[in-house]
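K.L.:
Please see the structure below; I have some questions.
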Amino acid sequence: MIQDKYGEYKLSSYEPVTLTLPDFTVSEQEILAEMQRIASRHSTNITVDPHPVRADDLVLINIITKEGSSIFPGLTHDSVDVQLGVGALPEEIETAMLGHMVGDCVDATFNYTDYSQVESDREAPADGGCGAGEAGEPEVVELTSHIEIKAIRKLEIPEVTDEWVAKNIALSNTVDEFRERTQKKLFDKRRRDYAYDIEKDIMREIGKRLDEEPPSDVVDKLMKQMLREFDRFLEQYEMDRATYLATQGLDDITFAEQIQRDARERIAEDIALASWATHFGIKLDDKDIDFMFGEPTPERTYEARVEAEQSGQIETFKDLALRAKVTEDITRNAVFLNPNGGEDKSFEDEIQMKFKKLEMVRNHATAAPMKQPPMVPVQ
């Protein structure tokens, strides 16, 4: 457990955390942009004056594609609007259409790699993992498309008027009502998003109450681990650390100092949470531990916990469970202030609702049917 890792540490205070909320005010520009986004979902494609087809045009076409004498259904459509330049059509078709006028017919021939006939010897292994790879090679076939250019089109976004709002926006009859509802929706979402991620700010505040320096050897160990994880992350993008730092305008010393600060803060938060748990006598029960396995996949609560116990990883999950339980306790009892310094009771209600929903998830993930032994014993 995390208390055993770090020993006895005291915090400067065990009073409830007081956190000043950010300003959730939504700007007029954001409101108008959201109203426009909603209106754009009611857009229609309309015909415009014909001109030679350009690479970024929206074109209404008939298209018949054949493999030999057989119709190829994936590229055979009547009166379909296609946006050029976004990969909706094979490049050869788009190139053949360029410069042509409405009423013209063009043909294009191109190769298509057909994977549908590739035989597979993939079997479902007993452990539920992936089987062998696919056998055989995909077939490359030649397709020919005949395209009739019917019209040049454009996307028309409706004008937001009282009449349009009354017809298309629920619970609003005027533009002003639509605007007010949009503002409230964005404001509420901003508060919910912050409430969803607020634990990181709560942990940061608790970490500040640790007056002593965390053990340097533990910080160094975590720092090395963070650097290894960071380097593995960069490898996915075929980039090394030096290249990344150069693109960010950072030097080795500045980067190392930042990683060291991050590692220290994480250890300080861990120690502070452990001290809080000891001070208030917060202890784990099986339900708390089970939830660590049941939250992402409640159907595997039992099996996942058994696997963790058999692999010797259960202590790691116990630490995670204790952190989550202590952080929830601190967050539930925190005092939230608005930017003007007044207590924001409605946000406190938002936090309680968040944890009420989480409790419902927890009850489901740790319910008796989810914890029954599987039909096949875990190996």
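K.L.:
Between Ala367 and Arg241, take the C-beta separation as r, use R0 = 45 Å, and let me know the FRET efficiency to the nearest 0.05.
P.N.:
With a Förster radius of 45 Å, E is 0.45.
K.L.:
Using modelled amide H (1.01 Å from N, peptide plane; none on Pro or chain starts), what sits under 5 Å from the amide H of Leu337, excluding residues fewer than 5 places away?
P.N.:
Counting only residues 5 or more places away or on other chains, the set is Leu19, Thr20, Leu21, Asp344.
K.L.:
Note down the nm distance, to one decimal, between modelled labels 7 Å out along Cα→Cβ at His100 and at Asn173.
P.N.:
Once both label points are built, they end up 5.2 nm from each other.
K.L.:
With the full set of protein chains in place, find how many percent of the accessible area of the chain is carbon and sulfur; take the probe as 1.4 Å.
P.N.:
50 percent
K.L.:
Just the accessible area per residue of the chain, please: how many Å² with a 1.4 Å probe?
P.N.:
62 Å²
K.L.:
Pulled fully out, how much extra length does the chain show between Leu284 and Asn45, if you take 0.36 nm times their separation in residues and subtract their Cα-Cα distance?
P.N.:
80.1 nm
K.L.:
Is the shape of segment 227-379 best called rounded, prolate or oblate, per the rule: a/c under 1.5 gives rounded, else a/b larger than b/c gives prolate, else oblate, with a ≥ b ≥ c the square roots of the Cα gyration tensor eigenvalues?
P.N.:
Verdict is oblate for segment 227-379.
K.L.:
I need the trypsin sites (Lys or Arg not before Pro) found in segment 1-37, filtered to DSSP loop residues with at most 16 other beta carbons within 10 Å of theirs.
P.N.:
For trypsin sites (Lys or Arg not before Pro) across segment 1-37 that sit outside H, G, I, E and B with at most 16 neighbouring Cβ atoms in 10 Å, the list reads Lys10.
K.L.:
How about segment 299-328: which GluC sites (Glu not before Pro) there are in a DSSP loop, with at most 11 other Cβ atoms within 10 Å of their Cβ?
P.N.:
Of the GluC sites (Glu not before Pro), not one in the loops of segment 299-328 has a Cβ with at most 11 other Cβ atoms within 10 Å.
K.L.:
According to a simple spin-label model (label point 7 Å from Cα along Cα-to-Cβ), what is the distance in nm between Arg37 and Asp114?
P.N.:
Distance between the two pseudo-spin positions: 4.3 nm.
K.L.:
Considering only the chain, what is the antiparallel percent among its DSSP beta bridges, to the nearest 5?
P.N.:
Of all bridge pairs located within the chain, approximately 90 percent are antiparallel.
K.L.:
If you find the alpha carbon centre of segment 192-215 and of segment 228-259, how far apart are they in angstrom?
P.N.:
Comparing the Cα centres of segment 192-215 and segment 228-259, I get a distance of 26 Å.
K.L.:
If amide hydrogens are placed 1.01 Å from N in the peptide plane, which non-local residues have theirs closer than 5 Å to the one on Lys150?
P.N.:
Excluding prolines and chain starts, which carry no amide H, the hits are Leu60, Ile61, Asn62, Gly103.
K.L.:
What net charge do the residues around Leu222 carry, taking every other residue with its C-beta under 12 Å from that of Leu222, with Lys and Arg at +1 and Asp and Glu at -1?
P.N.:
0
K.L.:
Please give every one of the lysines within straight-line cross-link reach of Lys345, meaning a C-alpha to C-alpha distance under 22 Å, and leave out same-chain neighbours fewer than 8 residues apart.
P.N.:
Reachable lysines: Lys184, Lys185, Lys189, Lys200, Lys354, Lys356, Lys357.
K.L.:
Report the FRET efficiency, 1/(1 + (r/R0)^6), for Lys356 and Ala256, where r is their Cβ-Cβ distance and R0 is 35 Å, rounded to 0.05.
P.N.:
0.20
K.L.:
Hey, how many Å between the Cα centroid of segment 260-291 and the Cα centroid of segment 73-112?
P.N.:
A separation of 60 Å, based on Cα centres.
K.L.:
Exactly which GluC sites (Glu not before Pro) in segment 230-298 are in a DSSP loop and have at most 14 other Cβ atoms within 10 Å?
P.N.:
Glu238
K.L.:
Could you tell me the calculated FRET efficiency between Lys5 and Lys189, based on Cβ-Cβ distance and R0 = 35 angstrom, to the nearest 0.05?
P.N.:
It comes out at approximately 0.35.
K.L.:
Using helices alone, I'd like the mean residue ellipticity at 222 nm for the chain: each DSSP H run of four-plus residues gives -39500 (n - 2.57), total over residue count, nearest 500.
P.N.:
-15500 deg cm²/dmol
K.L.:
Accessible area, 1.4 Å probe, largest first: how do Phe317, Phe336 sort?
P.N.:
Correct descending sequence by accessible area is Phe317, Phe336.
K.L.:
What shape does the chain have by the C-alpha gyration tensor, where a ≥ b ≥ c are the square roots of the eigenvalues, rounded means a/c under 1.5, and otherwise prolate means a/b greater than b/c and oblate the rest?
P.N.:
Prolate.
The values are calculated or read from the model by the stated rules, or taken from the named source; none is laboratory data. These numbers were taken from a predicted model, which means no experiment stands behind them. Reconstructed Cβ throughout: ideal geometry from the backbone, glycine too, with neighbour counts over all protein chains shown. Heads up: the accessible areas ignore ligands, DNA and RNA and are worked out on the full protein's heavy atoms, side chains in. Shrake-Rupley method; radii C 1.70, N 1.55, O 1.52, S 1.80 Å.
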